[in-house]
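Colleague: This structure is in structure tokens; I'll ask about it shortly.
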Amino acid sequence: MKNRYYLATLLILVIDHVTKWIARTTLHPNPAANRTIDIIPGYLRLSYVDNSGVAFGFFDSIESAWKPYILAAVAIIAIIVIFAYSMRMPKNRKLLQFALAITMGGILGNFVDRLFRGYVVDFIEFHIHEIFYWPTFNAADSAITIGIALLLIDTVKSPTMEEIPGTGQHSIDSQL
């Protein structure tokens, strides 16, 4: 990842942990009260959830002594792959570099939670009245989702790069 995009990764990590800290201190359930805060009644509210799964609570219900280690290993592998891919991509692919940076920031945010707590703090609930509920999520999950969406946009907008055999240089594939 090109140097200036590290700031986006760091910013996502900071935003994620500040918002999780706020959620823990204001929404954390205790025997006396389980607080929720309606932001947009019928659509958006904040409530505290301990998530031992991955983004949006997927795999939360799976019980295994290996799950934290597997999820940590997947996060580490993803970070290494994103970093290596970013280093190989041209600097002028700004949308790609930004997308990789915020995706890595989100992965790091949830990884740090999992490393120090054994679970991820989720607190954002999107729902449509009592008809539809999206799984509770956090800022890191949002960054990962937005980063992947930006990667898809970049893939559609940018031509593919092919290596010129024997030169180590790249040319644009004009078959798009």
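The values are calculated or read from the model by the stated rules, or taken from the named source; none is laboratory data. This structure is a prediction, so every number in the text was calculated from the model and none was measured. All Cβ positions, glycine included, derive from the backbone under ideal geometry; neighbour counts span all protein chains shown.
Colleague: In this structure, does Ala99 turn out to be part of a helix (DSSP H, G or I) and surrounded by fewer than 16 Cβ atoms within 10 Å (Cβ to Cβ)?
Modeller: no
Colleague: From Gly106, Gly53, which residue is modelled with pLDDT of 90 or more, within 23 Å of Glu125 (Cβ to Cβ) and touching an Asp or Glu at 6+ places or on another chain (Cβ under 7 Å)?
Modeller: Selected residue: Gly106, the only one of Gly106, Gly53 that is modelled with pLDDT of 90 or more, within 23 Å of Glu125 (Cβ to Cβ) and touching an Asp or Glu at 6+ places or on another chain (Cβ under 7 Å).
Colleague: What do you reckon, is Ala32 farther than 20 Å from Pro135 by Cα, surrounded by fewer than 17 Cβ atoms within 10 Å (Cβ to Cβ) and either at pLDDT 90 or above or out of contact with any Gly (no Cβ under 8 Å at 6 or more places or on another chain) (or both)?
Modeller: Yes.
Colleague: Additional query: Would you confirm, using the coordinates I've provided, whether Phe58 is on the phi < 0 side of the Ramachandran plot and modelled with pLDDT under 85?
Modeller: yes
Colleague: Still on this structure, please answer the following. Look at Asp113 and say whether it is on the phi < 0 side of the Ramachandran plot, modelled with pLDDT of 85 or more, among the charged types (D, E, K, R) and crowded, with 20+ Cβ neighbours inside 10 Å.
Modeller: yes
Colleague: Taking the range 121-143, which residues are in contact with a His (Cβ under 7 Å, 6 or more places away or on another chain) and hydrophobic (A, V, I, L, M, F, W, C)?
Modeller: Trp134
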